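The values are calculated or read from the model by the stated rules, or taken from the named source; none is laboratory data. In this text, all values refer to a predicted model and were calculated from it rather than measured experimentally. Note: ideal-geometry Cβ built from the backbone for every residue, glycine included; neighbour counts use all protein chains shown.
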Amino acid sequence: MGALGKRLGAVLDILKENAPYALFADVGSDHAHLACAAAREGIAKRVIAADINEKPLEKGREYARKAGVQIEFALSDGFSAIDGEPVDAAAICGMGGELTADILARSEAAKKCLLVLQPMTAQDDLRRFLYENGYEITGERFVCEAKKPYAVITARYTGKNTAYTYSDLFLGRVRPRGPEYAEYVKKVLSAAKKRLIGAPRDLDITRLIEDCQTQITNLSGMNF
Ligand SMILES: C[S@@+](CC[C@H](N)C(=O)[O-])C[C@H]1O[C@@H](n2cnc3c(N)ncnc32)[C@H](O)[C@@H]1O
């Protein structure tokens, strides 16, 4: 796993399952660890590491040089500098859910490729965007790194919106088994309980708390 850790390791695993690609783009690449690992694993003919800031790109170039891998770099706000490229897989990882959704909303390329999304916060905002804007969430995977649970969402544009409940925004509609998902649900439950203090009559939050408790009870009875 090397520099990737479990969070980006899960992203790479999902990419590998669907490979090969003509062009993989890591949007918000920063250190370019994911882009370099993708190139090293040979999952795509071309790999682009794209970042809005020059400094991370410099860091990425240095990392790629040391790792001895050939990738391309693009100074790009979201997909803007690469929107005309034949991207068939893209990752947007380590950013907030709102920013991730905003990047997708401004891109045509995003509609034509496999998306692996790893929002650090506001997963509900990202799921809402996907459900309401013609993207199908084809998978959700959960991993714990340094005791923190992370969601990794796989999606594709189909043009069809998805009906959802308030709880789906926070828990997802794909509710896998496993201790990592149980940790994720506990985090959602704790945040929901805090929100209920400010809005004690909110039926959506009350229902979400019940759904979290049901999930936790079901998951705790399982041998993983
Ligand atoms: C916290 S780092 C995440 C790095 C890596 N993807 C990961 O998951 O570890 C976020 C990176 O996204 C870049 N970024 C922020 N907004 C962006 C945008 N609109 N378009 C492209 N890159 C962006 C930042 O410059 C930064 O390098």
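How many residues, within the range 113-133, are touching a strand residue (DSSP E or B) at 6+ places or on another chain (Cβ under 9 Å) and exposed (fewer than 15 other Cβ atoms within 10 Å of the Cβ)?
1
Is it the case that Tyr184 is buried (at least 21 other Cβ atoms within 10 Å of the Cβ), at pLDDT 95 or above, of a type outside the set (A, V, I, L, M) and more than 16 Å from the ligand (Cβ to nearest atom)? So that I can check it myself, show each step before the final result.
Working: buried (at least 21 other Cβ atoms within 10 Å of the Cβ): yes; at pLDDT 95 or above: yes; of a type outside the set (A, V, I, L, M): yes; more than 16 Å from the ligand (Cβ to nearest atom): yes.
For Tyr184, the condition - buried (at least 21 other Cβ atoms within 10 Å of the Cβ), at pLDDT 95 or above, of a type outside the set (A, V, I, L, M) and more than 16 Å from the ligand (Cβ to nearest atom) - is met.
Scan the range 164-178 and report the pairs whose first residue is at pLDDT below 95 and whose second residue is among the hydrophobic types (A, V, I, L, M, F, W, C) and part of a helix (DSSP H, G or I), with Cβ atoms within less than 7 Å and a gap of 6+ or a chain change.
Arg177/Leu219
Ile48 - would you say it is within 12 Å of the ligand (Cβ to nearest atom) and surrounded by fewer than 19 Cβ atoms within 10 Å (Cβ to Cβ)?
It is false that Ile48 is within 12 Å of the ligand (Cβ to nearest atom) and surrounded by fewer than 19 Cβ atoms within 10 Å (Cβ to Cβ).
So in the range 51-82, with the set limited to residues that are more than 14 Å from the ligand (Cβ to nearest atom) and basic (Lys, Arg), which one is surrounded by the fewest Cβ atoms within 10 Å (Cβ to Cβ)?
Here the residue is Lys66.
Taking the range 83-96 on its own, how many of its residues are within 14 Å of the ligand (Cβ to nearest atom) and without any contact (Cβ under 8 Å) to a residue 40 or more places away in the chain?
The qualifying residues number 2.
Restricting the search to the range 103-124, which residues are away from the ligand (no atom under 15 Å from the Cβ) and in contact with an Asp or Glu (Cβ under 6 Å, 6 or more places away or on another chain)?
Hits for the range 103-124 are Glu108, Cys113.
Please go through the range 148-180 and give me each residue that is touching a Pro at 6+ places or on another chain (Cβ under 8 Å) and more than 17 Å from Thr100 (Cβ to Cβ), ordered by number.
Glu180
For every residue, the table says whether it meets (1) in contact (Cβ under 8 Å) with a residue 40 or more places away in the chain; (2) not in a helix (DSSP H, G or I).
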| residue | (1), (2) |
| --- | --- |
| Thr154 | yes, yes |
| Leu196 | no, no |
| Asp211 | yes, no |
| Thr217 | no, no |
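Mind counting the residues in the range 20-31 that are in contact (Cβ under 8 Å) with a residue 40 or more places away in the chain and more than 8 Å from the ligand (Cβ to nearest atom)?
5
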